[in-house]
2 protein chains.
Amino acid sequence: MSHSMPELIGTKRDGGSLSAEQLEWIIAQYTADQIPDYQISAFLMAVIFRGMTDDELAAWTDAMLHSGDVLDLSSTALPKIDKHSTGGVGDKISIPLAPLVAACGVAIPMMSGRGLGHTGGTLDKLETIPGFKTRLDPEAFTRQLDELGLVLAGQSETLVPADRRIYALRDASGTVPAIPLIASSIMSKKLAEDLDGLVLDVKIGSGAFMKDVASGTALAETMVSIGRSHDTPVVGFLTDMDQPLGREVGNANEMVESIAVLRGEGPPDTTELTMVLGAEMLVLAGVAAGRSDARAQLDAAVRSGAGLDVFARVITAQGGNPAVLEDPTLLPTAAHTHTVTATRGGYVERCDALAVGRSAVRLGAGRQAKEDAIDPGVGITVHAKVGDAVTESDPVATVRYNTEDQLNACLPVLESAWVLSETPQQPVPLILGEVS
Amino acid sequence: MSHSMPELIGTKRDGGSLSAEQLEWIIAQYTADQIPDYQISAFLMAVIFRGMTDDELAAWTDAMLHSGDVLDLSSTALPKIDKHSTGGVGDKISIPLAPLVAACGVAIPMMSGRGLGHTGGTLDKLETIPGFKTRLDPEAFTRQLDELGLVLAGQSETLVPADRRIYALRDASGTVPAIPLIASSIMSKKLAEDLDGLVLDVKIGSGAFMKDVASGTALAETMVSIGRSHDTPVVGFLTDMDQPLGREVGNANEMVESIAVLRGEGPPDTTELTMVLGAEMLVLAGVAAGRSDARAQLDAAVRSGAGLDVFARVITAQGGNPAVLEDPTLLPTAAHTHTVTATRGGYVERCDALAVGRSAVRLGAGRQAKEDAIDPGVGITVHAKVGDAVTESDPVATVRYNTEDQLNACLPVLESAWVLSETPQQPVPLILGEVS
């Protein structure tokens with residue numbers, strides 16, 4: 001059936017709902033270049049103000065999901081579970097989490113993205129491993145998942161092409177911040193992975209897209225609802241992103257911390273979040289009786305080195321050098337270090353994730369625009385986190401850099417991240433809520 | 001100065017205001033093809049939901065006004081006043097009004113549009129006069145205004161190019177119905193005529209864009225406010241468009257009725273509205289002491305034939321045959337007539353302007369799309385208006401048509417226009433309000 005796009009825009013603009021058939025028509029016609037960008041951007045802006053009903057959202061996501069190929073992973077005998085994070089600063093959880101969960105008998109067909117703005121991307125971090133390839137053809141992807149239970153790949157170009165187009169248009173037309181659009185973008189990509197379950201990590205705070213628990217809860221609930229309408233169980237955690245996660249920010253820095261978590265030597269927050277999200281994946285997969293059983297299995301995979309073994313095999317299968325797991329000096333590094341010190345004594349009241357993330361972009365660890373190159377060896381080690389006591393001249397961060405320009409661009413923003421108080425400060429809770 | 005369009009869209013989307021400099025930048029860059037349509041359509045949709053402040057609207061209108069040429073009519077000694085109607089069914093007021101007002105010593109540099117949808121356009125009606133040209137170059141326009149005090153022309157391509165582009169984009173992107181966008185579109189075109197004053201006829205009812213007095217008042221107030229910020233006095237009238245204006249709908253039909261008004265032989269509502277709007281133009285021009293003096297001058301211009309004389313000279317100057325004023329059979333006509341009769345006796349409770357307007361489009365008197373041709377000779381004469389008493393088989397309308405297809409397309413819609421009641425009905429008031 002054919003529709004008038006100005007009329008459909010008008011229906012949404014005036015607060016009406018569109019049918020599944022109308023929404024499918026929009027996605028199909030846009031993907032086929034039969035609807036101009038200026039109609040879609042006006043429609044998306046109307047969605048920002050009017051929202052979408054649950055039925056609309058299910059139909060819209062389904063139409064995006066079927067705008068291209070959908071993986072068929074039915075040859076994989078294991079339950080297939082993935083994790084998605086809405087993105088933050090120092091969020092390297094996917095890297096230690098995936099091998100540990102795979103070591104417990106869950107298949108993870110993980111497709112990740114690159115960093116943009118102050119949030120890092122898993123692909124950039126994985127590519128610090130010499131030789132590691134994130135581009136796999138569909139047969140190689142399926143074969144590796146069957147053999148190793150884990151693939152760490154980039155988004156396939158043939159999956160969910162509608163999302164790629166709509167995402168680029170949203171970025172250029174000021175139509176990014178709308179829960180239905182964010183939720184359908186994430187869920188269409190994840191549902192195209194042919195999953196049996198999904199764990200979401202919705203970041204909340206200055207370094208995250210969602211600034212407060214209420215909006216994060218709304219986003220998580222929306223994604224859980226989309227999962228339900230596709231018969232895919234989804235559990236969402238709301239977690240803190242007001243300060244950076246863990247100690248390391250930057251691509252090689254975060255790979256070092258990820259390997260430490262796999263060895264049982266990671267910082268407390270990175271380790272704890274890996275375990276919380278990983279345990280939920282085991283429960284969703286049905287390979288653990290409950291969360292405490294799941295935690296015990298994951299702890300065992302750390303202690304036995306089973307997680308490290310899976311990661312070594314995945315690195316080898318994807319063309320990388322697994323020796324980095326034993327010898328982190330094989331990772332890219334930077335020529336110089338600079339120490340940022342406390343200007344006075346006190347307690348850390350704030351270590352602003354957004355400031356640290358932005359300073360890392362200025363340092364060269366991230367991108368302002370999609371086309372930008374990154375410097376994989378530069379990074380920031382955070383020594384003082386919320387609740388820590390510092391005395392004057394104590395180091396609060398160490399910057400690894402290659403050029404003075406990098407350092408000079410980074411420092412003013414980085415130094416603004418800390419707020420010290422004269423009174424003792426409580427550490428911030430890591431897990432802020434849960435939606436299922 | 002340079003701006004990021006996604007950021008400016010985001011500011012408006014989130015309820016902020018843009019500076020005059022930012023709005024001028026948007027208009028200038030869009031007119032110069034430096035901003036893509038998809039950013040402007042998203043911005044316009046955000047304006048639909050967030051509106052514009054008075055300052056924003058003044059700056060936006062001013063930027064549109066200066067996106068191309070602006071007329072310089074300083075050589076015209078007389079005060080320059082124009083009238084604009086937001087459009088309706090049977091609204092031919094410009095045609096008798098302009099010669100009568102010009103006959104009283106006011107210069108009218110009138111630029112009109114074509115009909116689209118169920119609303120008619122003055123240009124289409126003028127072009128029923130054999131030979132009449134509505135395309136004048138700027139020198140001919142100025143010379144005729146100086147000599148005759150009246151030009152009846154089409155919009156110049158060089159005036160307000162930004163409005164032409166934005167109007168087309170709004171039409172295609174579902175971003176038409178927003179008072180700031182409607183008001184700035186009208187006012188930028190009218191202010192480009194270098195006026196000393198403007199009378200607005202804001203139509204209210206089923207056949208108009210504005211369906212109720214509240215929204216019509218808001219639109220009129222917005223245009224009056226834009227006029228104020230450009231030191232141009234604007235007076236707005238809210239007038240009924242729930243039933244067609246006058247008796248005639250269709251291009252030649254409306255020219256016949258217009259000539260009748262100039263002779264003092266028009267139907268009461270068309271005549272009254274011509275006098276009300278014309279009187280206000282004389283008052284704004286300062287050529288009448290007040291409304292009753294102005295009415296007396298207009299009545300005299302009818303009785304003396306001075307209005308008809310001005311029209312004859314304008315027709316001659318623009319290449320047309322002024323003999324139509326004496327012999328309406330020189331106008332285009334249609335081959336056949338069909339009479340629509342009352343199905344029962346009663347009082348007319350409703351004669352729906354929208355139904356009559358849509359039936360006229362189906363008959364060939366108007367356009368569904370800009371590219372469509374019109375049939376200048378077809379039209380509808382309305383015999384029964386609200387409050388009239390009819391007995392069964394009384395004619396309620398006469399249709400002039402050329403082909404059976406025209407008639408068959410028209411009739412079902414036309415016949416649905418009348419609602420009869422068993423109890424006597426009051427005629428609807430013509431003038432619903434006034435804003436200045």
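The values are calculated or read from the model by the stated rules, or taken from the named source; none is laboratory data. It should be emphasised that the depicted structure is a prediction, and the values quoted were computed from it without experimental measurement. A quick note on method: Cβ atoms are made from the backbone with ideal geometry, for glycine too, and the neighbour counts reach across all protein chains shown.
Of note, B:Asp62 does not satisfy the criterion of being acidic (Asp, Glu), in a helix (DSSP H, G or I), more than 14 Å from chain A (Cβ to nearest Cβ) and over 23 Å from B:Ala168 (Cβ atoms). Could you tell me whether B:Asp293 is over 25 Å from the mean Cα position of the chain (by Cα), more than 14 Å from B:Ile95 (Cβ to Cβ) and either part of a loop (DSSP other than H, G, I, E, B) or of a type in the set (D, E, K, R) (or both)? So B:Asp293 fits the description; yes.
With respect to the stated conditions, A:Ser206 fails to be away from chain B (no Cβ under 14 Å) and buried (at least 24 other Cβ atoms within 10 Å of the Cβ).
From the list B:Ala384, B:Ala409, B:Ala365, B:Ala397, the one residue that fits, being more than 30 Å from B:Thr222 (Cβ to Cβ), touching a His at 6+ places or on another chain (Cβ under 7 Å) and touching a residue at least 12 places away in the same chain (Cβ under 8 Å), is B:Ala397. Here B:Gly320 passes the criteria (1) outside the structural domain of B:Arg367 (by TED's automatic domain parsing); (2) at pLDDT below 95 except the one numbered (2). Give the residues of segment A:153-169 that are without any contact (Cβ under 8 Å) to a residue 12 or more places away in the chain and within 14 Å of another protein chain (Cβ to nearest Cβ), sorted by residue number. Result: A:Ala168, single match. Within segment B:10-57, restricting attention to residues that are part of a loop (DSSP other than H, G, I, E, B) and among the charged types (D, E, K, R), the residue that is nearest to the other protein chains (Cβ to nearest Cβ) is B:Asp14.
Do the conditions hold for B:Val413, that is, is it hydrophobic (A, V, I, L, M, F, W, C), buried (at least 22 other Cβ atoms within 10 Å of the Cβ) and in contact with a helix residue (DSSP H, G or I) (Cβ under 9 Å, 6 or more places away or on another chain)? Criteria not met by B:Val413.
The one condition from (1) assigned by TED's automatic domain parsing to the domain that holds A:Asp201; (2) more than 12 Å from the chain's Cα centre (by Cα); (3) not aliphatic (A, V, I, L, M) that A:Thr86 does not meet is (2).
Here is the figure for segment A:317-340: residues that are surrounded by fewer than 19 Cβ atoms within 10 Å (Cβ to Cβ) and of a type in the set (Val, Ile, Thr) total 4. Report, by residue number, each residue of segment B:93-135 that is outside any helix (DSSP H, G or I), small (Gly, Ala, Ser), in contact with a Lys or Arg (Cβ under 7 Å, 6 or more places away or on another chain) and at pLDDT 95 or above. Passing the criteria: only B:Ala107.
You will find that of B:Met223, B:Met275, the residue that is free of Cβ contacts under 8 Å to residues at least 60 places away in the same chain, assigned by TED's automatic domain parsing to the domain that holds B:Gly131 and buried (at least 24 other Cβ atoms within 10 Å of the Cβ) is B:Met223 and no other.
Only one of the numbered conditions (1) assigned to a loop (DSSP other than H, G, I, E, B); (2) small (Gly, Ala, Ser); (3) within 14 Å of chain A (Cβ to nearest Cβ) is not met by B:Ala172, and that is (1). You will find that of B:Ala300, B:Ala306, B:Ala317, the residue that is among the aliphatic types (A, V, I, L, M), without any contact (Cβ under 8 Å) to a residue 24 or more places away in the chain and out of contact with any His (no Cβ under 8 Å at 6 or more places or on another chain) is B:Ala300 and no other. Does any residue of segment A:194-212 turn out to be over 28 Å from A:Ser75 (Cα atoms) and free of Cβ contacts under 8 Å to residues at least 40 places away in the same chain? Scanning segment A:194-212, I find at least one residue that is over 28 Å from A:Ser75 (Cα atoms) and free of Cβ contacts under 8 Å to residues at least 40 places away in the same chain, so the answer is yes. Comparison of B:Leu432, B:Leu420 shows that the only residue that is under 30 Å from B:Val276 (Cβ atoms), buried (at least 16 other Cβ atoms within 10 Å of the Cβ) and more than 24 Å from the chain's Cα centre (by Cα) is B:Leu420.
Table: residues versus (1) out of contact with any Pro (no Cβ under 7 Å at 6 or more places or on another chain); (2) surrounded by fewer than 16 Cβ atoms within 10 Å (Cβ to Cβ).
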site: B:Gly16; (1), (2): yes, yes
site: B:Ser19; (1), (2): yes, yes
site: B:Gln22; (1), (2): yes, no
site: B:Ile26; (1), (2): yes, no
site: B:Thr31; (1), (2): no, no
site: B:Ala42; (1), (2): yes, no
site: B:Arg50; (1), (2): yes, no
site: B:Thr53; (1), (2): yes, yes
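Which count do you get for residues in segment A:175-203 that are more than 17 Å from A:Thr61 (Cβ to Cβ), away from chain B (no Cβ under 14 Å) and either touching a Pro at 6+ places or on another chain (Cβ under 7 Å) or at pLDDT below 90 (or both)? Selection size over segment A:175-203: 1.
Taken over segment A:310-339, the criterion of being out of contact with any Pro (no Cβ under 7 Å at 6 or more places or on another chain) and either of a type in the set (D, E, K, R) or not in a helix (DSSP H, G or I) (or both) is satisfied by A:Arg313, A:Gln318, A:Gly319, A:Glu326, A:Asp327, A:Leu331, A:Thr333, A:Ala334, A:Ala335, A:His336, A:Thr337, A:His338. Within segment B:136-147, the set of residues being part of a loop (DSSP other than H, G, I, E, B) and either within 26 Å of B:Ser206 (Cα to Cα) or among the hydrophobic types (A, V, I, L, M, F, W, C) (or both) comprises B:Leu136 only. Mind checking whether some residue in segment A:140-149 is aromatic (Phe, Trp, Tyr), closer than 22 Å to A:Ile95 by Cβ and away from every other protein chain (no Cβ under 14 Å)? There is at least one residue in segment A:140-149 that is aromatic (Phe, Trp, Tyr), closer than 22 Å to A:Ile95 by Cβ and away from every other protein chain (no Cβ under 14 Å). Only residues that are in contact with a strand residue (DSSP E or B) (Cβ under 8 Å, 6 or more places away or on another chain) and either outside the structural domain of A:Leu195 (by TED's automatic domain parsing) or free of Cβ contacts under 8 Å to residues at least 40 places away in the same chain (or both) were counted across segment A:127-152, and they come to 1. On the basis of being surrounded by fewer than 24 Cβ atoms within 10 Å (Cβ to Cβ), in contact with a helix residue (DSSP H, G or I) (Cβ under 9 Å, 6 or more places away or on another chain) and within 24 Å of A:Ala178 (Cβ to Cβ), does A:His66 make the cut? Criteria met by A:His66. Scanning segment A:341-364 for residues that are part of a loop (DSSP other than H, G, I, E, B), charged (D, E, K, R) and crowded, with 16+ Cβ neighbours inside 10 Å turns up at least one hit.
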